[in-house]
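The values are calculated or read from the model by the stated rules, or taken from the named source; none is laboratory data. What you see is a predicted model; the values in this text were computed from it and never measured. A quick note on method: Cβ atoms are made from the backbone with ideal geometry, for glycine too, and the neighbour counts reach across all protein chains shown.
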Amino acid sequence: MKEEGYLVRSGRKQRRFIGRGARHVGVGVLSLSMLTGCSLLDAFRSEEPAAEAPALKTVKVEPVAVRRIEEPVFVVGDVHSSLRMDVVVDIGGKVEQVYKRLGETVKAGEPLAKLSSTDAEQARSEAAAALDRALAAVAAGKQALADGRKELSVEIKKMELEYERLVRARNKTKNDYDGGAATKSALDEAELQVEASRIDLELARQKLRSMTSADAISSLEAEAKNAEQALLRIEEALTHLEVVSPIAGIITAQTLIEGTIVKAGEVVGTIDRVDPLRISAQLNEEAANLVRGKSDLQYALPGGETKSRANIHYLTSIMDPETKTYEISLEAPGVGSGLKPGMKVSVQLTEDADQTALGIPQYSVLEDGAMKYVFVLQGDVVEKREVRLGRSNANYYEVLSGVREGEKLVVTGQAGLQDREQVFSVEEETAWEPGAVQP
């Protein structure tokens, strides 16, 4: 019994021990489970993604630059000589030698050919006789003038004496009339005689003054001067017997052939002045308005690569009624310019500066009612700008105000942007487009 009781007690002790141990183990397991659970929860929570910030919009920008808004206006011009003069023979004769040929360049006064003339002495004699006759006419005119003045002076003296006599007679008649010894008709007659004499005397004096003037023989003296110059030219021609060029230029026509006979006054050639040259063109009303007020224009040789400037020689003020155009003439250097008579060149009526302006792409412009605006990048934010636009072409607007050259303009991605919004920007590689001027 004791043993059983002991055993029983021992069994109870074991059960109590086992029970308490089980409780300790349970508490430990629960504690471990709680610790383990917390660690796993924290680990799970640490793997959850954090809340993301809003993504920035991406925009493309390009610098505001000067662009070609309009194309230049051109007309075709014809190149020709600035002056053309005929070569005229002063004295007829036989062509002994030709110095210059067709197409050659000559200077003013340079001999073109040498003549021998059998008529030279006869021409000289005729010119000398003409001069003698002219001088004789001048001398005769002067003598006739002197004689006429002398005769008229004597006549005036007589008229003065007659006038004085009539005045005295008139005065006597007036006294008689006042005393009742003369009639009124006698007094009136005396007054008329005095007045008529006075008028005749004044006319004679005026005639004398006109005869004193050198104009009375000026025409005779002019004829004598011309005759003298003609004789000098003939004597000069006799000394040299040469046909000379009247101006510097190129021989564009010539009929001088050695051994042939030429007559006095015959045209034997033509000289064209090629420095400077002239460029002429016809302009309609609109084109003429582009030129008025300008002093020079640009022109380009065939091929259009090289441009030069030429002064405006004239622009007609009256339209040609048949062609309905105005003629413009430019003056350009002939030497070293590449220009030649007969050539056609392109004349630019407008300046490059007239065709270019600060320009922005049309697709960069947005509208809000009547307001037109763009976005300009400032750092990493965009700024909304109202713009005022001018001319336009297929790609660009001329911008009159709102942006400055060099500022970064948003060209794509601007839809939905807000003023002062932060963005991510990409620089646009601006390719040249027709109508644009690369900055």
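Pick from segment 348-374 the residues that are among the β-branched types (V, I, T) and assigned to a strand (DSSP E or B): which of them is nearest to D78 (Cα to Cα)?
Ranking the qualifying residues of segment 348-374, first place goes to T356.
Among the residues of this structure, E228 counts as one that is in contact with a helix residue (DSSP H, G or I) (Cβ under 6 Å, 6 or more places away or on another chain), modelled with pLDDT of 90 or more and of a type outside the set (V, I, T). Determine whether segment 296-316 contains at least one residue that is modelled with pLDDT of 95 or more and assigned to a loop (DSSP other than H, G, I, E, B). Yes, segment 296-316 has at least one match. Selection of segment 77-97 for residues being more than 31 Å from the chain's Cα centre (by Cα), surrounded by 16 or more Cβ atoms within 10 Å (Cβ to Cβ) and either within 30 Å of R309 (Cα to Cα) or modelled with pLDDT of 95 or more (or both) yields only V87.
Within segment 375-409, being under 19 Å from L56 (Cβ atoms) and in a strand (DSSP E or B) holds for F375, V376, L377, Q378, V381, V382, E383, K384, K408, L409. Cβ contacts < 6 Å: first residue closer than 22 Å to M159 by Cβ, restricted to segment 171-196; second residue hydroxyl-bearing (S, T, Y), any location; separation 6+ or different chain. Result? That search, which allows pairs on different chains as well, returns A190/T173.
Which is under 32 Å from the mean Cα position of the chain (by Cα), surrounded by 16 or more Cβ atoms within 10 Å (Cβ to Cβ) and of a type in the set (A, V, I, L, M, F, W, C), of A353, A357?
Numbers: A353 fails: surrounded by 16 or more Cβ atoms within 10 Å (Cβ to Cβ).
Of A353, A357, the one residue that is under 32 Å from the mean Cα position of the chain (by Cα), surrounded by 16 or more Cβ atoms within 10 Å (Cβ to Cβ) and of a type in the set (A, V, I, L, M, F, W, C) is A357.
The set of residues in segment 239-298 being of a type in the set (S, T, N, Q), under 17 Å from K114 (Cβ atoms) and touching a strand residue (DSSP E or B) at 6+ places or on another chain (Cβ under 6 Å) consists of S245, Q254, T255, T260. Could you tell me which of the residues T183, T212 is out of contact with any Pro (no Cβ under 9 Å at 6 or more places or on another chain) and at pLDDT 90 or above? Selected residue: T183, the only one of T183, T212 that is out of contact with any Pro (no Cβ under 9 Å at 6 or more places or on another chain) and at pLDDT 90 or above. Selection of segment 102-123 for residues being surrounded by fewer than 17 Cβ atoms within 10 Å (Cβ to Cβ) and modelled with pLDDT under 85 yields S116, T118, D119, E121, Q122.
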